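*Asks:* Starting off with a structure, shown below.
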Amino acid sequence: MDRKIIDYMEQNEDLEGLSAVIRSKKHPDIRMEAIKALAHLSQESARSLLMELLSDEEDPQVRLLCAQILGKRKDEKALPALHHSLKDENPAVRAYSAGALAKLKQSKSVKPLLSLLKDPQVSVRKYAVIALGEIRDGQAVDRMIPLLNDPSDQVKVVTAKALGRIGGEKALSALSSLLTHKNNKVLKAVLEGLGRIGGAT
């Protein structure tokens, strides 16, 4: 099968044809291209297919790609599927699902994202924190503050920035306590977070 066929299907909004290619599993590379084409289709059924693949597909690369596309589409109706995929067995899928929720910025996602703050994988904790920072819901602050002492400096950095985005007295106090941090990247993030809070007052 040729990539030109996928292009033709995409241009003609041929969801049925793309769905057939995706479900055939005969040509893995072309199959992935067909899934990418769903990102450009306007039909509601394209979203339904992406959500179905995110939930049921065996290949974690496909689930990961579907999470990414659903985030780019910024469609609130995809929230239930993305919330469910935060429990995916594959950490990359969990991380990408959190990243998708960062783009949607819905307060409904706060509780599911909070459950990832103790995930064993650094990338999952990192993207959960980033998403919470984008949503900017104050109820997340208490659960995020302990991550300023996370074993990973990456997580410390994104937490400091996220707390700065959310703001409030608790975030200000927590960030202020790290003004003597020895890691330059963490200290820079702390100062950035404090600057955001200061700029908002």
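*Asks:* Got a sec? Which of Gly167, Gly138 is on the phi > 0 side of the Ramachandran plot and in contact with a helix residue (DSSP H, G or I) (Cβ under 8 Å, 6 or more places away or on another chain)?
*Replies:* Gly167
*Asks:* Further, regarding this structure: Of everything in region 38-86, what is over 23 Å from Asp7 (Cβ atoms) and open to solvent by less than 10 Å² (accessible area, probe 1.4 Å)? Give them in sequence order.
*Replies:* Those that are over 23 Å from Asp7 (Cβ atoms) and open to solvent by less than 10 Å² (accessible area, probe 1.4 Å): Leu54, Ala67, Gly71, Ala78, Leu79, Leu82, Ser85, Leu86.
*Asks:* Applying the selection to region 87-100, what residues are in contact with an Asp or Glu (Cβ under 8 Å, 6 or more places away or on another chain) and open to solvent by less than 20 Å² (accessible area, probe 1.4 Å)? Steps first, answer last, please.
*Replies:* We begin by selecting, within region 87-100, every residue in contact with an Asp or Glu (Cβ under 8 Å, 6 or more places away or on another chain); these are 91, 94, 97.
Hit for region 87-100 is Ser97, nothing else.
*Asks:* Consider only pairs whose beta carbons are under 6 Å apart and that are at least six residues apart or on different chains; among these, list those whose first residue lies in region 147-171 and is of a type in the set (Asp, Glu) and whose second residue is in a helix (DSSP H, G or I) and open to solvent by less than 20 Å² (accessible area, probe 1.4 Å).
*Replies:* Short answer, once both residue conditions are applied: Asp153/Val186.
*Asks:* For Leu86, all conditions in the list (1) within 10 Å of the chain's Cα centre (by Cα); (2) modelled with pLDDT under 95 hold save one; what is the number of the exception?
*Replies:* The single condition Leu86 does not satisfy is (2).
*Asks:* How about region 93-131: which of its residues are of a type in the set (A, V, I, L, M, F, W, C) and over 10 Å from the mean Cα position of the chain (by Cα)? Please lay out each step first, then the result.
*Replies:* Narrowing region 93-131 to residues of a type in the set (A, V, I, L, M, F, W, C): 93, 95, 98, 100-102, 104, 110, 113-114, 116-117, 122, 124, 128-131.
Val110, Leu114, Leu116, Leu117, Val122 - these are the residues of region 93-131 that are of a type in the set (A, V, I, L, M, F, W, C) and over 10 Å from the mean Cα position of the chain (by Cα).
*Asks:* Which residues, taken from region 170-201, are at pLDDT 95 or above, of a type in the set (D, E, K, R) and either over 19 Å from Arg125 (Cα atoms) or open to solvent by less than 80 Å² (accessible area, probe 1.4 Å) (or both)?
*Replies:* Lys170, Lys188, Glu192 - these are the residues of region 170-201 that are at pLDDT 95 or above, of a type in the set (D, E, K, R) and either over 19 Å from Arg125 (Cα atoms) or open to solvent by less than 80 Å² (accessible area, probe 1.4 Å) (or both).
*Asks:* On to the next question. Could you give every pair whose Cβ atoms fall below 6 Å, whose first residue belongs to region 30-45 and is over 22 Å from Lys77 (Cβ atoms), and whose second residue is assigned to a helix (DSSP H, G or I) and modelled with pLDDT of 90 or more, counting only separations of at least 6 or pairs across chains?
*Replies:* Listed by first residue and then by second, the contacts come to Arg31/Ile22; Glu33/Ile6.
*Asks:* Also: Being charged (D, E, K, R), under 25 Å from Asp75 (Cβ atoms) and more than 12 Å from the chain's Cα centre (by Cα) is the filter here, so list the residues in region 132-154 that pass it.
*Replies:* Filtering region 132-154 for residues charged (D, E, K, R) gives 134, 136-137, 142-143, 150, 153.
Next cut, under 25 Å from Asp75 (Cβ atoms) only: 134, 136-137.
Selection gives Arg136, Asp137.
*Asks:* On the given criteria, is Asp7 open to solvent by less than 80 Å² (accessible area, probe 1.4 Å) and under 30 Å from Leu114 (Cα atoms)?
*Replies:* Numbers: open to solvent by less than 80 Å² (accessible area, probe 1.4 Å): yes; under 30 Å from Leu114 (Cα atoms): no.
Judged against the criteria, Asp7 is not a match.
*Asks:* Further question: Please indicate, with yes or no, whether at least one residue in region 158-168 is under 30 Å from Gln61 (Cα atoms), hydroxyl-bearing (Ser, Thr, Tyr) and open to solvent by 40 Å² or more (accessible area, probe 1.4 Å).
*Replies:* First pass over region 158-168, keeping only residues under 30 Å from Gln61 (Cα atoms): 158-159, 161-162.
From what's left, hydroxyl-bearing (Ser, Thr, Tyr): 159.
After this cut, where a residue has to be open to solvent by 40 Å² or more (accessible area, probe 1.4 Å) as well, the list is none.
The answer is no; no qualifying residue exists.
The values are calculated or read from the model by the stated rules, or taken from the named source; none is laboratory data. As the structure is a computational prediction, the values presented were derived from the model and not from experiment. Neighbour counts are summed over all protein chains in view; Cβ atoms, including those assigned to glycine, are modelled from backbone coordinates with ideal geometry. For accessibility, only protein heavy atoms count, side chains too; no ligands or nucleic acids. Shrake-Rupley method; radii C 1.70, N 1.55, O 1.52, S 1.80 Å.
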